[in-house]
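Working notes, beginning with the structure itself.
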Amino acid sequence: MRLWPGLALIGLLAVPLWAGEAGDLVFADRGPWDLSQGGLTWVLRQTGPEAGDFKPLGEGTVTLQAVTDPADGKPVLELAEKTDRITRRIGPFPVSGGDPALVFFLENISRDMAMLTGGSPFYIRNRLKDALFRGGEVRQEGDAIVAVFAPFRGDQNSGRMHGFDRLELSFTFGDPKQPIRRMLAQTGPLEGGLPAYRSEMVLK
């Protein structure tokens, strides 16, 4: 199985040494994953400008499933992404590791932002990681808990982010130890009259 190259860089499966309350919710231990009754599927929706190398994915699905690693015959996890533009498998991930769907979502955000702004993907990843580990706020919305982050608010490079300085991330939970119900990243309108960027994953 092929490892998606970006996942080797982001390092977001690691448990933080310290996190705030919002970060604790996002990085709650959800393993070991038991997918013996079937995989978990999120509906993926992504909209935004067609600019540079970036083209929004539209609507599709991301499925987390259990498979057998042909290298050693042991169970591992794999993501299957399917949209009108792309179909691919991503993995393997350890059964007892972090949250592959979360890492997939965050890596998409950092990659998309780098393409739309021309910024360094390493800087973007580090700022996302720092915001998730140490910032954010927690809101109660009905029976759900929502952790909200503004990773680039007040950033020293905000003037070169073409509107991504207003990026907001939100994560919706029932039980934090269960799969994340909804992951959302959105901006306001981008510079140059370009439409807002929005990427969302909603658990079926």
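Set the bar at 26 Å for Cα to Cα. Now go through LYS55/LYS177; LYS55/LYS82; LYS74/LYS177 and name every pair that lies beyond it. Present the calculation step by step, with values, prior to reporting the outcome.
On the way: LYS55/LYS177 33 Å; LYS55/LYS82 15 Å; LYS74/LYS177 24 Å.
Flagged as over cut-off: LYS55/LYS177.
Where the only charges are on Cβ atoms (+1 Lys, Arg; -1 Asp, Glu), what is the dipole of segment 77-204 about its Cα centre, to the nearest 20 debye? List each step's numbers first, then the result.
Numbers: 18 positive and 16 negative charges, 44 e Å.
With only Lys, Arg, Asp and Glu charged at Cβ, the dipole is about 220 debye.
Taking all protein chains into account, the per residue accessible area for the chain stands at 49 Å² (1.4 Å probe).
Give me the percent of accessible area attributable to carbon and sulfur for segment 55-144, probe 1.4 angstrom. Don't jump to the answer; show the numbers that get you there.
Numbers: 2090 of 4190 Å².
That share works out to 50 percent.
Each 5 Å bin from 0 upward holds the following percent of the Cα-Cα pairs of segment 141-204: 4, 17, 22, 20, 14, 11, 8, 3, 0. For segment 21-78 versus segment 79-150, the inter-centroid distance based on Cα atoms is 10 Å. Sequence-distant contacts, meaning Cα pairs under 8 Å at least 6 residues apart, place the relative contact order of the chain at 23 percent. Looking at the chain, what % of the alpha carbon pairs are farther apart than 21 Å? Of the Cα pairs, 52 percent sit more than 21 Å apart.
Order ASP34, ASP24, ASP155, ASP165, most accessible first, counting only protein heavy atoms with a 1.4 angstrom probe.
On the way: ASP34 120, ASP24 85, ASP155 10, ASP165 45 Å².
Final ranking, largest accessible area leading: ASP34, ASP24, ASP165, ASP155.
Within segment 154-198, whose backbone N sits under 15 Å from a point 7 Å along Cα→Cβ of MET115? Under cut-off, by backbone N: 197-198. What the Cβ-Cβ distance of ARG89 and LYS177 gives, at R0 = 25 Å and to the nearest 0.05, is a FRET efficiency of 0.45. The slack between LYS204 and ARG160, meaning 0.36 nm per residue of separation minus the straight C-alpha distance, is 12.2 nm. Since only LEU167, PRO151, ALA114 are under comparison, the one whose Cα sits farthest along the positive direction of the charge dipole of segment 83-204, derived from C-beta charges on Lys, Arg, Asp and Glu, is ALA114. Can you tell me the orientation of helix 121-134 relative to the chain, as the angle in degrees between its alpha-carbon axis and the longest Cα principal axis, to the nearest 10? Once rounded, the angle reads 80 degrees. Remark: the ALA66-ASP34 segment gains 10.7 nm on full extension, using 0.36 nm per residue and subtracting the alpha carbon distance. If only the Cβ of Lys and Arg carry +1 and only the Cβ of Asp and Glu carry -1, the dipole of segment 75-151 around its Cα centre is close to 320 debye.
The values are calculated or read from the model by the stated rules, or taken from the named source; none is laboratory data. None of the values given here were measured: they were computed from a predicted structure. We place every Cβ from the backbone using ideal geometry, glycine too, and count neighbours over all the protein chains shown. The area values use the complete protein model at the heavy-atom level, side chains included, leaving out ligands, DNA and RNA. Shrake-Rupley method; radii C 1.70, N 1.55, O 1.52, S 1.80 Å.
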